[in-house]
Structure formats: C-alpha cells, structure tokens
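Engineer: Please see the structure below; I have some questions.
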There are 2 protein chains.
Amino acid sequence: MAKITHVSPLAPEHFPSLPVIGGVRFASAAAGVRYQGRTDVMLAVLDPGTAVAGVFTKSATRAAPVLDCQAKLGGDSAGAAAILVNSGNANAFTGHYGQSSVAEITAAVARVADVPQGRVFTASTGVIGEPLPHERIVAKLDELTGALSDTAIEDAARAIMTTDTFPKGAVAEVEVDGKTVRIAGIGKGSGMIAPDMATMLVYIFTDAGYDQAALQALLSKLTETTFNCITVDSDTSTSDSLLLAATGAAGVDATGDAGFEAALKAVMLDIAQQVVRDGEGATKFVEVRVTGALSDAEAKVHGLAIANSPLVKTAIAGEDPNWGRVVMAIGKSGAAADRDKLSISFGDILVAEKGWVSPDYKEADAAAYMKGQELVIAVDLGLGSGAATIWTCDLTHGYIEINADYRS
Amino acid sequence: MAKITHVSPLAPEHFPSLPVIGGVRFASAAAGVRYQGRTDVMLAVLDPGTAVAGVFTKSATRAAPVLDCQAKLGGDSAGAAAILVNSGNANAFTGHYGQSSVAEITAAVARVADVPQGRVFTASTGVIGEPLPHERIVAKLDELTGALSDTAIEDAARAIMTTDTFPKGAVAEVEVDGKTVRIAGIGKGSGMIAPDMATMLVYIFTDAGYDQAALQALLSKLTETTFNCITVDSDTSTSDSLLLAATGAAGVDATGDAGFEAALKAVMLDIAQQVVRDGEGATKFVEVRVTGALSDAEAKVHGLAIANSPLVKTAIAGEDPNWGRVVMAIGKSGAAADRDKLSISFGDILVAEKGWVSPDYKEADAAAYMKGQELVIAVDLGLGSGAATIWTCDLTHGYIEINADYRS
C-alpha cells in the first residue's frame with residue numbers, strides 16, 4: 001500500500017454525524033488480511049424483512065464476491081441479512097479459489113450471525129490476483145458478532161478504506177407520511193474510478209420500508225446520474241459494489257415517495273463526490289456541466305471526454321485555463337459538436353464562443369479563477385437540449401506517485 | 001513551450017540518412033510564429049504530376065488547415081504541388097480568422113512557388129485558439145523558395161517539431177519492375193497522441209509513380225494498422241495530418257505492387273513508433289499484442305483499453321508487473337472476454353492463465369523483465385482468431401511536468 005501521509009486537500013472537514021438506523025448493527029475488526037495495525041473487516045447485520053438492492057461493476061472480469069452478490073439479489077427478504085467487507089485483497093482474478101473463499105466466508109457468517117447464506121453479501125477490495133486468506137476473516141467472526149452495535153458505522157467506514165485518505169459518509173432525513181425516515185451511507189474509493197462503478201464500495205442504509213423490486217429500480221435509476229457520473233482516471237474496477245438496505249424500522253413504507261427519492265439521491269451524490277474529492281493525488285474538484293447537446297446521453301459522452309482527458313486534467317493541475325484542450329476533448333468524444341456553435345465557460349467567465357475566444361475574455365481573469373480548489377467547466381454545444389453533469393479531479397504528480405508504487 | 005532539456009531515452013541513436021526523392025525539394029526558415037531561435041516553417045515543393053493522398057484527424061473540432069486539405073484532396077494532379085507547415089501555432093479554434101489565414105498563406109505560396117492554389121496543402125501545429133500571425137509566414141516565402149533543395153529533408157523535420165525531443169524520419173527502398181524506388185518520410189508528434197491521428201504531422205514522399213485514387217485507398221488502409229494503433233495519452237488532436245506524395249521521378253508505376261506496399265507500411269510504422277518513443281515523459285516503449293479475440297476490431301478495443309489505462313501505464317512506469325491492472329483494463333474495455341479463458345504474458349513470461357496466476361509464475365522474473373526499456377504485454381483471449389497490436393509508452397512524472405505547464 002502506498003504510504004498515505006496526508007489527507008486529501010479536498011476532504012470534508014470532518015466525518016458527518018450519522019444517526020442510528022434502526023434495524024442495522026455494525027462491527028469492525030483487524031483480521032490482518034494484508035494491512036497491519038488497522039481494521040480491515042466490517043460486518044453489518046440487518047434485521048429480518050430488510051429489502052436489499054444493489055448495483056455492481058459491469059467489468060467482464062468481475063471478482064468472485066460481485067458474482068455471488070449479483071446471484072443473490074432479488075431473493076426473498078423475509079430473513080435477516082448480513083454484509084461482510086474486507087479491505088487489502090480484492091479476491092479478484094483468483095479462479096476457482098476465489099469462489100471457494102466466498103463460499104467459506106458466507107457459510108461462516110450465516111452460521112455465526114444466524115442469517116440465511118443466501119442473504120450474506122460480501123465484497124473485497126485491494127490487491128488483484130492473490131488468494132484471499134479467508135481463514136483470517138472467518139477467525140474474526142465471533143469477535144465481530146459479539147461487538148455488533150448500532151452506533152459503529154463510522155468505524156465500519158474506516159475498516160473498508162484502501163488508498164482512501166479519509167472515510168466517507170453521508171446522511172439525510174426526510175418526512176414520509178408524517179414520520180421521520182433516516183438514510184445513512186458509507187463508501188470507499190479513490191482510484192480506478194470511472195463510470196460503471198469503479199473501485200468503489202458503498203453501503204447505504206435506511207429505516208424506511210420499501211418494496212424490494214421498487215428499491216432495486218430506484219437504485220439503478222439514481223446510480224446513472226450519481227455514481228456513474230464521476231471519474232477519477234477512467235479505469236473501472238473488477239469489484240465495485242453498491243448495496244442499499246431498507247430495514248423498515250421507522251414504521252413507514254416510502255415506496256414511490258418523491259421526498260425519499262430526493263433524499264436518497266442527495267446521499268448518493270454526496271458519497272460519489274467524496275470519492276472524487278479523494279481521487280488519487282487530487283488537488284482540484286471539478287464539475288463539468290454540459291448543456292445544449294443533442295441528447296442527455298451525448299452530453300454525458302462529451303462530459304466524460306473532457307473529464308477523462310489527461311491533457312485537460314494536467315492543465316487543471318497546472319492552473320492553466322487551457323480551453324483549447326477542452327475544445328480538443330469535445331472534438332474527439334465522438335458525440336455531435338459544431339465548432340462554431342460551441343461556448344465554453346470557466347466558472348462565470350465566458351471563455352470561448354462562436355468558434356473562437358470570446359471578445360471580452362481576459363486570460364488573467366481565467367488564470368485567477370483556476371487557482372481555486374473548486375472549479376466549474378461549462379460547455380454549451382448549442383445543438384439541442386441534452387444535458388449532463390460530471391464530477392472529476394485533476395491529474396497530478398500525486399497520482400503517479402501512488403500508482404507507480406501501489407500494487408492494487 | 002515546455003523547456004525540453006533532454007532527448008527521450010527511447011529515441012533512435014540518430015536521424016536516418018534519407019535519400020533524395022526525385023521530384024521533391026525542401027526548405028525551412030525561422031518565421032518567429034511563436035518560438036525564437038529556431039526554424040518553425042517548412043516548405044516542400046512537388047513536381048507536376050505528383051499524386052497526393054492524405055488522412056486526417058476525425059475530430060469534430062478540426063482546425064482550418066485540415067478542413068482546407070480535406071477539400072483539396074483528390075483533385076487533378078497535373079500541376080505542381082506544395083506543402084507548407086508551421087509549428088508554434090495550430091490555427092485551431094480560431095473561427096473565420098483561421099480560414100482567412102489559410103487562404104492568405106495558400107494564395108501566397110501559390111504565387112511565389114508557381115503552384116495552383118488548389119494544390120497547396122498546409123498544416124499548423126502548436127497552441128490552440130490564438131490567431132496565427134500568417135503575415136510572418138508569408139514574409140518568409142521568398143526566402144523559402146530561394147532555398148529549396150532536394151537534400152534539406154532533415155531540416156524540414158526539425159522545423160515542424162513542438163514538444164518533440166528528436167526529429168523523426170524513416171526510409172525504405174524497394175525494387176519495382178527492376179527499378180529502385182525510394183520512400184522517405186518525416187513526422188512530428190509526442191503528446192495528444194491517440195488513434196484517429198492525434199497531434200501528429202507526417203509527410204511521406206516516394207519517387208514511384210502511383211495512381212492517385214489507389215494511393216489514397218492504400219494510405220487509408222495502412223493507417224489503420226500503423227498510425228491508428230499508437231497511443232500516448234488517448235487524446236486526439238484537432239490538427240493531425242498525414243500526406244503521402246508520389247512524384248513518379250523513378251520512372252516506374254508502383255500501383256498495386258505488393259513490395260511497395262510492404263515498404264510503405266514499414267516507413268509508416270517506423271514513424272508511428274518513433275512518435276510513441278517521443279511520448280511526453282516516456283521511459284518505456286510498450287507493445288501490446290492481443291490475440292484470440294472474437295474479431296480484429298475487438299482485439300483493437302482490448303489493446304487500446306490496456307494501452308490507455310492510466311493504472312496500467314503508471315504500473316509500467318513503476319516497473320511493477322501488475323497484471324491485475326491488465327485484467328482490469330480487459331474487463332472494462334467493453335469487448336468480449338472470459339476471465340477463465342484469458343492468458344497474459346509479459347515478454348516470454350506467462351503470468352496468468354485460466355482465471356488465475358500461472359503456477360510457474362515467479363514475481364521476481366517479471367519484476368526483472370519490467371526493468372527493460374522495451375516491453376511486450378501479450379494477451380490471449382482464448383475466444384477466437386481476432387488480433388491487433390498497439391504501441392504505447394508509460395505515464396510518468398515527465399508527462400505531468402510537460403502538460404501542467406505547456407499551453408498547447
């Protein structure tokens with residue numbers, strides 16, 4: 001693991017105060033999977049009747065735990081459920097041994113936590129291609145179940161970190177039918193981040209009740225405009241997983257409630273943006289707003305082309321208002337663009353329009369703007385009403401340092 | 001311009017000795033477009049009857065000179081022709097002013113060099129979005145035409161450099177119908193390099209005769225497996241241009257000759273690989289060989305996913321045989337892959353097969369291999385007979401240094 005000696009300059013000031021979510025208890029432990037002197041396993045146990053939904057990496061080489069989770073989703077939600085996550089080893093590209101490790105772990109969790117094995121969801125994050133020492137995890141299960149607590153969510157967030165420089169959490173409360181419903185989520189991820197989920201593990205819990213099939217549909221829909229709109233380095237992990245659990249402990253069914261949907265989206269976007277804020281080596285948080293495209297899908301193609309361009313990302317790192325590279329990225333994206341209808345702004349500064357630099361543009365203004373830590377690059381294609389927003393970070397020496405050394 | 005104080009460690013030992021190509025004369029000059037103390041304009045004048053073919057960037061925001069060249073290709077080849085290229089300013093995203101600059105330059109070249117304006121091809125490379133001071137170029141045309149020489153091709157190669165650390169040239173000779181035919185090419189390019197041509201300018205000359213329409217078809221075909229199979233940073237320039245001129249001075253028509261095609265491909269591949277060898281910040285030259293894919297096109301998708309992955313490229317920079325990242329890149333590419341049929345080799349070292357690390361694999365062997373400057377990453381998908389080879393370089397601090405400072 002790279003020596004992470006400092007916290008990202010883009011990190012939130014502190015971990016948020018997360019409320020108790022009725023029906024969920026957490027524990028974490030130091031199993032020594034790979035790291036020494038820190039926790040590396042988290043267990044969450046969910047009361048019977050909890051609806052569980054999930055979205056996963058679309059990688060063709062996904063890891064064994066991902067395949068296992070995908071097979072289990074959508075099953076009967078009557079029994080209790082559990083989520084077990086380890087850091088330090090991704091159990092990815094480990095052949096039949098990887099599947100055996102998942103089977104060993106899920107069987108042991110089922111036994112120790114008294115949960116149906118078909119409701120034990122696991123995830124592993126860390127090095128690819130090395131056998132997971134699952135016996136070290138299994139050996140900690142008694143300790144974990146003995147320590148389960150409804151206030152231990154922050155420790156759980158810390159146990160799943162790899163190259164993350166800060167633990168990630170988000171919270172929302174919303175009234176549904178006159179009752180307060182809480183949503184709390186934790187996540188990890190900082191490199192190998194790109195749409196279709198990247199090396200990111202996210203667990204969101206709510207005490208609302210929700211129909212399980214509807215919860216799955218809602219999660220898939222909201223993922224498109226949150227986690228699938230962030231990118232650090234365009235690389236996609238073999239292990240990304242997002243699970244959403246609705247325990248129903250608040251005594252109200254939120255199925256179809258618009259306020260709940262908005263609150264859930266806020267939590268998802270908050271965690272997604274925290275992942276970008278912890279992008280490996282990041283020093284700038286960048287929002288790329290694309291409007292005027294032929295469709296929302298084409299706007300996303302342009303936004304990702306800009307956000308993933310190494311030349312755009314290094315210009316941002318160098319605080320250079322190099323809008324020519326934005327033009328280049330739009331040109332190469334493959335989506336429709338007309339050079340002479342395009343306009344580009346950095347923050348409120350109109351940089352280019354009608355195929356050329358804006359007559360009012362002053363390079364000094366844009367250069368001053370680029371010194372900020374939070375930047376907006378806005379592009380209007382002038383072609384239609386398609387829009388998308390993408391969040392990314394800059395590409396710095398820090399990224400090279402972390403990734404030329406770290407075996408992930 | 002970034003201060004380039006050293007030549008790429010991957011550069012050839014010296015510029016090749018290029019033969020005189022009958023029917024072509026070269027000159028270069030210091031017009032002060034942007035750089036001081038160096039040449040920045042090259043002129044090539046081609047005898048009447050020269051067939052000219054070209055391929056260009058597919059960017060939707062291509063520069064004015066590219067649009068002008070594309071409009072002129074395929075025209076009558078009876079008259080003389082000229083190629084004028086400047087470095088320091090790309091004349092890209094310069095609106096109507098950009099088109100005026102091209103018109104001014106091509107009109108002046110036509111007048112001074114006595115060439116039809118419809119046969120004057122130009123290109124510009126350098127900063128985007130600033131007006132091209134075309135009058136500085138026009139002012140040098142008398143000097144340029146007065147200096148035309150059939151041995152000045154190396155100076156021409158130097159005049160078109162931007163962040164290049166060495167001039168690029170390649171040569172081949174081949175017998176056609178008992179006569180010797182020569183092919184000589186020059187090129188520039190080191191960043192913003194990706195398939196569909198990238199920031200790359202290449203000019204290839206032969207004294208063979210060739211039917212112009214057939215020459216265009218041949219050039220387009222060979223570009224697919226040469227220039228469109230290299231990538232430095234996945235970014236695509238607004239200005240890339242490759243022109244091929246066949247003067248016929250050797251007195252033999254090479255149309256359809258297989259030996260000529262092979263020699264031309266060798267020259268194109270040589271220049272393409274030199275561009276990668278001058279990749280910004282590159283310290284390793286990497287050949288990615290993909291076999292066993294469902295089709296050649298799918299093999300290329302996999303090869304580019306590997307070659308463009310920042311995590312693969314930084315691992316190579318760190319001399320880390322991190323085959324897990326190769327698995328990741330294959331998984332995210334979107335082309336078909338089966339984890340359990342995949343095999344991966346670094347050079348002759350079989351690293352992974354059947355969904356896991358090879359039983360004979362010794363990390364120490366692969367780590368020693370990665371210390372080399374010329375690396376081969378071979379992937380067999382085990383699915384079909386599709387194959388492709390991609391050439392790329394590593395991603396280092398040098399890339400960040402050059403691109404966080406240089407306004408291109």
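Engineer: So what are the protein assembly as shown's ellipsoid semi-axes, whole angstrom, largest first, if each one is the square root of 5 times an eigenvalue of the alpha-carbon gyration tensor?
Structural biologist: Working: eigenvalues 580, 166, 86 Å².
Over the Cα atoms of the protein assembly as shown, the ellipsoid semi-axes are 54, 29, 21 Å.
Engineer: Can you pull the percent of Cα pairs in segment A:37-185 with separation above 21 Å? Write down the numbers at each step before the final one.
Structural biologist: On the way: 5138 of 11026 pairs.
Summing the P(r) of segment A:37-185 above 21 Å gives 47 percent of all pairs.
Engineer: When each pair of different Cα atoms in chain A is counted once in the 1/r mean, what is the Kirkwood radius in angstroms, to one decimal?
Structural biologist: Values: mean 1/r = 0.0458 Å⁻¹.
One over the average 1/r among Cα pairs gives 21.8 Å for chain A.
Engineer: What share of Cα pairs, in percent, lie more than 13 angstrom apart in segment A:77-131?
Structural biologist: Values: 855 of 1485 pairs.
So the pairs more than 13 Å apart make up 58 percent of the total in segment A:77-131.
Engineer: Rounded to the nearest 0.05, what FRET efficiency do A:D142 and A:R289 have when you use their Cβ-Cβ distance and R0 = 56 Å?
Structural biologist: Values: r = 51 Å, r/R0 = 0.91.
Efficiency computed from Cβ-Cβ geometry: 0.65.
Engineer: Counting DSSP beta bridges with both partners in the protein assembly as shown, what percentage is antiparallel, nearest 5?
Structural biologist: For the protein assembly as shown, the DSSP antiparallel bridge percentage is about 70.
Engineer: If you don't mind, another one. When DSSP beta bridges are limited to those with both residues in segment B:24-277, what percentage is antiparallel, rounded to the nearest 5? Could you put the intermediate results ahead of the total?
Structural biologist: Values: 34 of 49 bridges.
Given both bridge residues lie in segment B:24-277, the antiparallel proportion sits at roughly 70 percent.
Engineer: Under a cut-off of 19 Å between alpha-carbon atoms, report the lysines in cross-link reach of B:K300, not counting same-chain residues fewer than 8 places apart.
Structural biologist: A:K332, B:K58, B:K221, B:K265, B:K313, B:K332, B:K341
Engineer: Provide A:S220, B:S28 in ascending order of the number of other Cβ atoms located within 10 Å of each residue's Cβ, fewest first. Don't skip to the end; give the middle numbers.
Structural biologist: On the way: A:S220 14, B:S28 26.
With the fewest neighbours first, A:S220, B:S28 line up as A:S220, B:S28.
Engineer: Could you give, in nm with one decimal, how far B:G178 is from each other copy of that position, shortest first, with labels 7 Å out from Cα toward Cβ?
Structural biologist: Label-point separations across copies, in nm and ascending: 10.6.
Engineer: Out of every Cα-Cα pair in segment A:285-405, what percent are more than 20 Å apart? Before the final figure, lay out each step's value.
Structural biologist: Working: 2740 of 7260 pairs.
Every Cα pair in segment A:285-405 considered, those over 20 Å come to 38 percent.
Engineer: At 7 Å along Cα-to-Cβ for each site, give me the label-to-label distance between A:D211 and A:D114 in nm.
Structural biologist: Spacing of the two 7 Å Cα→Cβ label points: 3.2 nm.
Engineer: Inter-copy label distances at A:K221, 7 Å along the Cα→beta-carbon direction, one decimal in nm, shortest first?
Structural biologist: With the label placed 7 Å along Cα→Cβ, A:K221 yields 5.3 nm.
Engineer: Cα centroids of segment B:341-379 and segment A:21-53: how far apart, whole angstrom?
Structural biologist: 36 Å
Engineer: Sticking with this one: If you find the alpha carbon centre of segment B:68-132 and of segment A:274-301, how far apart are they in angstrom?
Structural biologist: With segment B:68-132 and segment A:274-301 each reduced to a Cα centre, they are spaced 36 Å.
Engineer: Further question: Treating the point 7 Å from Cα along Cα-beta-carbon as the label, what are the nm separations from B:Q373 to the other copies, to one decimal?
Structural biologist: Between copies, matching label points for B:Q373 lie 4.3 nm apart.
Engineer: Once label points are set 7 Å from the Cα along Cα→Cβ at both A:D177 and B:Y97, what is their separation, rounded to one decimal in nm?
Structural biologist: 6.5 nm
None of the figures in this text is laboratory data; all of them are computed from the coordinates on show. Model, not experiment: these values are computed from the prediction. Cβ coordinates were reconstructed from backbone atoms using ideal geometry, including for glycine residues, and neighbour counts include every protein chain displayed.
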